[in-house]
1. What is the one condition in (1) within 14 Å of chain B (Cβ to nearest Cβ); (2) within 29 Å of A:Asp231 (Cβ to Cβ) that A:Val207 does not satisfy?
2. Between a residue in region A:8-30 that is within 13 Å of chain B (Cβ to nearest Cβ) and open to solvent by 30 Å² or more (accessible area, probe 1.4 Å) and any residue that is of a type in the set (Lys, Arg) and part of a loop (DSSP other than H, G, I, E, B), which pairs come within a Cβ distance under 7 Å, given they are 6 or more apart or on different chains?
3. Applying the selection to region A:73-92, what residues are open to solvent by 20 Å² or more (accessible area, probe 1.4 Å) and in contact (Cβ under 8 Å) with a residue 60 or more places away in the chain?
4. Within the bounds of region B:203-226, is there any residue that is surrounded by fewer than 18 Cβ atoms within 10 Å (Cβ to Cβ) and among the hydrophobic types (A, V, I, L, M, F, W, C)?
5. Test of understanding: among A:Val182, A:Val191, A:Val170, which residue is more than 14 Å from chain B (Cβ to nearest Cβ), of a type in the set (A, V, I, L, M) and closer than 30 Å to B:Ala130 by Cα?
6. Any residue at all in region B:156-163 that's touching a strand residue (DSSP E or B) at 6+ places or on another chain (Cβ under 7 Å), open to solvent by less than 40 Å² (accessible area, probe 1.4 Å) and assigned by TED's automatic domain parsing to the domain that holds B:Asn196?
7. Which residue out of B:Gly208, B:Gly221, B:Gly243, B:Gly236 is small (Gly, Ala, Ser) and closer than 30 Å to A:Tyr112 by Cα?
8. Listed residues B:Ala224, B:Ala197; which is more than 14 Å from chain A (Cβ to nearest Cβ), of a type in the set (A, V, I, L, M, F, W, C) and not in a helix (DSSP H, G or I)?
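The values are calculated or read from the model by the stated rules, or taken from the named source; none is laboratory data. Just so you know, these numbers come straight off a predicted model, no measurement behind them. As a convention, Cβ positions derive from the backbone with ideal geometry for all residues, glycine included, and neighbour counts pool all protein chains shown. The protein model used for the area step is the full one, side chains on, heavy atoms only, and it has no ligands, DNA or RNA in it. Shrake-Rupley method; radii C 1.70, N 1.55, O 1.52, S 1.80 Å.
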Number of protein chains: 2
Amino acid sequence: MSGTIVLTLSYDGSGFAGFARQPGLQTVQGRVESALETVFRRPVETTGAGRTDAGVHALGQVMSFSANGNEPEPSALLRSLNALVGGGIVVTGVRLAAAGFSARHSAVAREYRYHLVPGPVPPLFSARHAWWVKATLDVGAMREAAKHLIGEHDFRTFCVTASAEGQRTVRRIERIDITPEVIMGEHTLVVRVVGNAFLHSMVRVIVGSLIEVGRGKRPPGWMAESLRSRDRAAAGQTAPPHGLVLWHVTYPDECWL
Amino acid sequence: MSGTIVLTLSYDGSGFAGFARQPGLQTVQGRVESALETVFRRPVETTGAGRTDAGVHALGQVMSFSANGNEPEPSALLRSLNALVGGGIVVTGVRLAAAGFSARHSAVAREYRYHLVPGPVPPLFSARHAWWVKATLDVGAMREAAKHLIGEHDFRTFCVTASAEGQRTVRRIERIDITPEVIMGEHTLVVRVVGNAFLHSMVRVIVGSLIEVGRGKRPPGWMAESLRSRDRAAAGQTAPPHGLVLWHVTYPDECWL
């Protein structure tokens with residue numbers, strides 16, 4: 001029985017129409033599959049852990065595909081893919097998993113990080129991966145608001161897909177940390193969200209709502225009301241894609257060969 | 001008597017033919033002076049703390065110019081300049097100093113940081129401001145080598161200007177720290193060099209030489225021999241500009257009004 005090859009990759013989402021393959025568009029999955037086709041001399045169909053939107057970045061996206069009986073040496077495959085995949089994507093790891101492993105369905109947790117630069121001075125080194133919020137933010141109030149989202153809830157309020165009807169919109173958020181970090185000398189506020197899985201643009205709507213609270217336009221308790229309403233109109237704006245990074249995906253240890 | 005206006009600024013060196021004004025070329029000084037001319041409605045001649053080369057970045061470059069009796073409100077000038085200066089440059093601070101202050105001559109220390117990403121996987125988020133060194137580096141040996149440069153020495157070996165003849169090439173290096181840092185999830189080695197002043201490309205030749213030691217091609221004691229030789233040919237290659245950042249310039253506290 002043939003195993004599964006698992007890639008970990010980073011990408012700068014700026015130049016892509018999102019992760020998921022789409023005919024005629026520059027996508028991350030399309031570029032990686034094309035590199036894999038060159039290496040394996042056959043079409044390779046991959047599964048990704050998270051379908052990030054256009055402009056969203058990844059540090060630790062995960063893709064899997066069947067080895068079809070051909071398991072190359074991981075470090076050689078890493079070098080070949082990085083030589084072929086082109087600018088804006090870096091393959092950071094190659095591992096082997098048992099047959100039946102799926103980057104999407106085997107994942108037990110996903111971590112996203114959203115980078116904000118608050119204040120009157122725009123970011124320079126972080127300009128491509130941080131949202132400049134021209135305001136002072138009340139971090140204490142944002143943390144208070146975020147607490148209301150922890151646990152298993154119906155997150156329909158925070159989903160941008162119009163027809164979420166009929167879809168299961170219950171997800172579990174394990175933690176939301178809001179931490180000041182100095183990145184390349186620039187004062188950044190990092191919103192770290194860990195959960196089992198996420199609805200379409202869920203982290204971006206959560207961040208957009210936290211900003212309403214951070215700016216003092218809404219009290220922290222408003223977040224609980226928004227959640228309960230199950231109505232997208234009750235939440236804040238969708239934060240722009242370029243501040244978001246799919247940071248890490250967790251799998252059970254026993255997956256790896 | 002009229003005071004001096006002092007700007008602190010960050011820039012991404014990628015798009016510039018260096019800091020120093022040059023007719024017909026995109027330079028940082030040229031762009032800032034043109035924004036100042038718009039604000040003050042007169043030509044403004046500035047002095048910079050460090051003449052960074054093409055491709056070299058800055059987090060804390062400092063520029064000064066005479067107020068000519070017209071001292072605008074600092075936060076208003078900050079906003080105007082950021083609205084005018086265009087992409088790749090961010091003015092991060094505006095302060096006032098006494099007449100006679102010079103960003104160049106009043107500086108008592110300058111700190112440069114060089115970012116390296118060692119190993120088989122290229123950097124992604126740091127690609128624009130870190131040098132990918134496809135090797136494992138012996139950080140202990142690099143630290144040992146760096147010790148030989150601390151103190152006041154004739155650094156002619158580490159200067160790329162051919163005709164350093166007649167120039168004073170004695171400088172004082174206060175410290176060189178070589179520290180692993182995780183920046184946006186990527187494992188980076190940061191070489192931090194603090195000194196009173198630097199010769200042309202001095203930090204880049206020092207880093208290129210430290211890499212020779214880190215790769216095991218030269219023993220740490222070779223650095224002392226190179227320094228003593230006062231011969232550019234005795235040092236390592238000049239590290240590429242995009243890994244270098246003029247991080248901070250220090251002035252005596254009593255300069256500020």
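1. (1)
2. Here the result reads A:Ser14/A:Arg128, each pair linking region A:8-30 to a residue that is of a type in the set (Lys, Arg) and part of a loop (DSSP other than H, G, I, E, B).
3. Of everything in region A:73-92, those that are open to solvent by 20 Å² or more (accessible area, probe 1.4 Å) and in contact (Cβ under 8 Å) with a residue 60 or more places away in the chain turn out to be A:Gly87, A:Gly88, A:Thr92.
4. Yes, some residue in region B:203-226 is surrounded by fewer than 18 Cβ atoms within 10 Å (Cβ to Cβ) and among the hydrophobic types (A, V, I, L, M, F, W, C).
5. A:Val191
6. Within region B:156-163, not a single residue is touching a strand residue (DSSP E or B) at 6+ places or on another chain (Cβ under 7 Å), open to solvent by less than 40 Å² (accessible area, probe 1.4 Å) and assigned by TED's automatic domain parsing to the domain that holds B:Asn196.
7. That would be B:Gly243, the only listed residue that is small (Gly, Ala, Ser) and closer than 30 Å to A:Tyr112 by Cα.
8. Just a single option satisfies the conditions, and that option is B:Ala197.
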